1. Order of Trp51, Trp42 from fewest to most other C-beta atoms within 10 Å?
2. Among His78, Thr100, Phe68, which residue has its Cα furthest toward the positive end of the charge dipole of region 53-120, with +1 on Lys/Arg Cβ and -1 on Asp/Glu Cβ?
3. Normalising by the residue count of region 39-113, find the relative contact order in percent from Cα pairs under 8 Å and 6+ residues apart.
4. Which order do the peptides 33-40, 63-70, 78-85 come out in when sorted by mean C-beta neighbours inside 10 angstrom, highest first?
5. Charges at C-beta only: +1 for Lys and Arg, -1 for Asp and Glu. How large is the resulting dipole of region 39-113 about its Cα centre, in Debye rounded to 20?
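Rule-based calculations on the coordinates, nothing more; no lab input. It should be emphasised that the depicted structure is a prediction, and the values quoted were computed from it without experimental measurement. Cβ: placed from backbone, ideal geometry, glycine included. Neighbour counts: every protein chain shown.
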Amino acid sequence: MHGETSTAGAARAVTSPPGAPAVTRPLHVCPACASKLVYPVWWQEHGRDHWSIELRCPNCEWADGGVFCQRQADAFDHELDRGTDAVAVDLDRLVRANMTEVADRFAHALAAGAILPEDF
């Protein structure tokens, strides 16, 4: 996926050379809809302390890219890790809730005599 993104209608930023004014908004925040779910589609080192990153918002389909300093990339990476952890916690909670519901239904079916040995 090196080069152009495949998102139709995506806005493309002019890649700024190192030393150019940095983007001041956090990279995980969409400038079009303010969603905090922007994620990297592609990235590559750009010199010693910069990264070329293609970004996409899943809410409004905004896409853009540019060259960002290491500090911005580190902050973005931290937010991505935080988001991944939050998704993992939510997934664990959902799996436990679903398993509890399944176990409760099974216990009720056993108690009601609705499950027989030949069911297995």
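1. Trp42, Trp51
2. Positive-most Cα among the choices belongs to Thr100.
3. On the way: 57 pairs, mean separation 13.7, N = 75.
With pairs under 8 Å counted, the relative contact order is 18 percent.
4. Working: 33-40: 15.2, 63-70: 20.1, 78-85: 12.4.
Per-residue mean Cβ counts within 10 Å order the peptides as 63-70, 33-40, 78-85.
5. For region 39-113, the charge dipole is close to 240 debye.
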